[in-house]
Amino acid sequence: MKTMTRFAFCLALAGALTAQAADKIKTAKGDLEVHPVKHGTVVFKWNGKTVFVDPVGGAAPFKPYGVPDLVLVTDIHGDHFNKGTLEAIVKDKTVVITPEAVAALAPEGLKKRITTLGNGKLMEKLGVKIEAVPMYNLTAARLRFHNKGRGNGYVMTFGGKRVYVSGDTEDIPEMRALKNIDAAFVCMNLPYTMTPEQAADAVREFKPKVVYPYHYRGSDTAQFKKLVGGASEVRLRDWYKN
């Protein structure tokens, strides 16, 4: 019985550490692989590089993906920024990009590895162009969650394909004004970000070719897809599998 129990535990652990099947987006330098991890966390693999966005939850969920070449953090909240996770996964070659507010809270050993990027600023690292875009709340009752200028959404360009990761935000003018987005990861959950209706309305305006609802705990993603209609291809993936 003990042997079987141990065996069952090992199987369960192996399942928990298995990466979800990747989506692929064609770029000028090979496929961009999209790996949903959990809630607001996504992994991209492209051109021999691995990019983690908002890695949290310890090292275990990231073992299937290897050592990150690039890590982006959007905000100070614990579902986006976790000191222990970053200390476990960031290695000597890893480039870490965060807003100033995140860098200010980072442990000293990690802080020296961080490059800060403010809203509206651009840089290129490891062949990936990165633009920091605002993320913040608009609704009066939600203003306390995310103030303008503290956190970053990001537009990353992989081999000519522009990929937007919203971070925690409502349907702000800066999102609605985005142009030529090939894939967008758009949040929706109350009370912290926005409703599926708000998210869909913004998507219908900036019209990414493909949109993934993420960071959607408790939200009706099927309703979001219905509301987006033909404006974009909506890909529903399970961000809460494990």
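Where a number appears in this text, it was derived from the coordinates with a stated rule and is not lab data. Note that the coordinates shown come from a computational prediction; the quantities given were computed from them, not determined experimentally. Here the Cβ is made from the backbone with ideal geometry for all residues, glycine too, and neighbour counts use every protein chain on show.
List of remarks:
- Full-extension gain in nm, Ala22 to Ala141, via 0.36 nm per residue minus C-alpha separation: 39.1 nm
- Toward the positive end of the charge dipole of the chain, with +1 on the Cβ of Lys and Arg and -1 on the Cβ of Asp and Glu, the farthest Cα among Asn147, Ala88, Val210 is that of Ala88.
- For the pair Glu174 and Asn47 in one chain, pulling the backbone fully straight at 0.36 nm per residue adds 42.8 nm over the alpha carbon distance.
- Look at the dipole of the chain built from charges on Cβ: of Thr116, Pro196, Pro55, the Cα furthest out on the positive end belongs to Pro55.
- Residues with amide H under 5 Å from that of Thr27, placed H, sequence gap 5 or more: Leu32
- Unit Cα scatterers, Debye sum, region 115-203: log10 I(q)/I(0) for q = 0.20, 0.25 Å⁻¹: -0.90, -1.27
- Cα-projected label distance for Glu197 with Ile76, points at 7 Å along beta-carbon direction, nm: 3.2 nm
- In this Cβ point-charge picture (+1 for Lys and Arg, -1 for Asp and Glu), the chain has a dipole of about 520 debye about its Cα centre.
- Percent breakdown of C-alpha pair distances by 5 Å bin, ordered from the shortest bin, for region 201-242: 5, 25, 34, 21, 10, 3, 1
- Longest to shortest principal axis, alpha-carbon extents of region 23-234, angstrom: 44, 40, 31
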